[in-house]
């Protein structure tokens with residue numbers, strides 16, 4: 001895109017004609033889909049790992065940019081309405097966690113923007129994934145890149161599992177899926193980033209993405225599926241953060 005002239009090109013692809021099938025986030029992410037999505041994501045992250053701090057990418061915000069930090073007051077201000085509308089989806093532990101996350105949200109974003117950085121999709125969820133009927137070529141297509149940032153890649157895995165997978169399945173498979181992502185990074189040549197680093201970043205991502213259901217509290221869901229989606233991601237995201245003990249990253 002030529003910013004100075006406001007001229008741009010729009011490239012479209014017919015994914016249906018290319019053999020890709022849309023997924024359903026309300027129905028939930030299946031383990032085989034999760035492993036595939038994690039492996040493909042790791043290949044993308046590895047391509048940009050440690051290579052995003054360049055002048056050519058100055059247009060792409062960091063995970064703690066001023067634009068991204070607008071989510072912090074949203075997390076705090078929307079919390080009472082979120083509890084009023086969707087609090088019945090949450091456990092007592094989740095209801096206690098929300099305000100703690102809101103109180104230090106800016107700091108969490110600063111931690112997400114630490115090196116090593118890569119390109120983070122930031123909305124890597126099932127409704128934005130299309131799986132190929134024939135995996136001999138590209139097995140996965142990913143859409144909706146408008147929230148892309150530069151930060152820690154494990155955020156995308158936390159976002160995917162925490163919002164798209166049913167809690168029971170997520171609890172059973174999340175460590176294995178995170179390992180799939182990590183092993184694919186290593187296979188792509190990434191070093192100096194440990195499994196412990198990946199797990200900490202996964203927990204950090206689980207805390208940060210709690211803003212998503214909270215931010216939707218004052219929106220018109222539009223239809224029954226929209227409302228069901230908000231309720232499902234509310235339950236899934238908060239249960240994920242609680243069950244993986246992500247609160248250990250928060251100030252005492």
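The values are calculated or read from the model by the stated rules, or taken from the named source; none is laboratory data. Worth saying up front: this structure is predicted, and the values here are computed from it rather than measured. Reconstructed Cβ throughout: ideal geometry from the backbone, glycine too, with neighbour counts over all protein chains shown.
Observations on the model:
- Residue in region 146-155 that is in a helix (DSSP H, G or I), under 18 Å from residue 36 (Cβ atoms) and either touching a strand residue (DSSP E or B) at 6+ places or on another chain (Cβ under 8 Å) or modelled with pLDDT of 95 or more (or both) present: yes
- Boolean, residue 95 is part of a loop (DSSP other than H, G, I, E, B), surrounded by fewer than 18 Cβ atoms within 10 Å (Cβ to Cβ) and out of contact with any helix residue (DSSP H, G or I) (no Cβ under 6 Å at 6 or more places or on another chain): no
- Within region 185-237, tally of residues that are assigned to a loop (DSSP other than H, G, I, E, B), surrounded by 15 or more Cβ atoms within 10 Å (Cβ to Cβ) and either at pLDDT 95 or above or in contact with a strand residue (DSSP E or B) (Cβ under 9 Å, 6 or more places away or on another chain) (or both): 4
- When region 238-252 is filtered for residues that are free of Cβ contacts under 8 Å to residues at least 60 places away in the same chain and not in a helix (DSSP H, G or I), the ones remaining, listed by number, are 245, 252.
- Given (1) in contact (Cβ under 8 Å) with a residue 40 or more places away in the chain; (2) within 23 Å of residue 51 (Cβ to Cβ); (3) outside any helix (DSSP H, G or I), number of the condition residue 158 does not satisfy: (3)
- Enumeration of residues in region 67-79 that are exposed (fewer than 13 other Cβ atoms within 10 Å of the Cβ) and more than 19 Å from the chain's Cα centre (by Cα): 73
- Pairs, first closer than 15 Å to residue 129 by Cβ in region 2-25, second assigned to a loop (DSSP other than H, G, I, E, B) and modelled with pLDDT of 80 or more, C-beta under 7 Å, six or more apart: 19/133; 21/133; 25/125
- Of everything in region 19-50 that is part of a loop (DSSP other than H, G, I, E, B) and in contact with a strand residue (DSSP E or B) (Cβ under 8 Å, 6 or more places away or on another chain), the residue that is nearest to residue 125 (Cα to Cα) is 23.
- Tally, over region 51-74, of residues that are more than 25 Å from residue 163 (Cα to Cα) and assigned to a loop (DSSP other than H, G, I, E, B): 6
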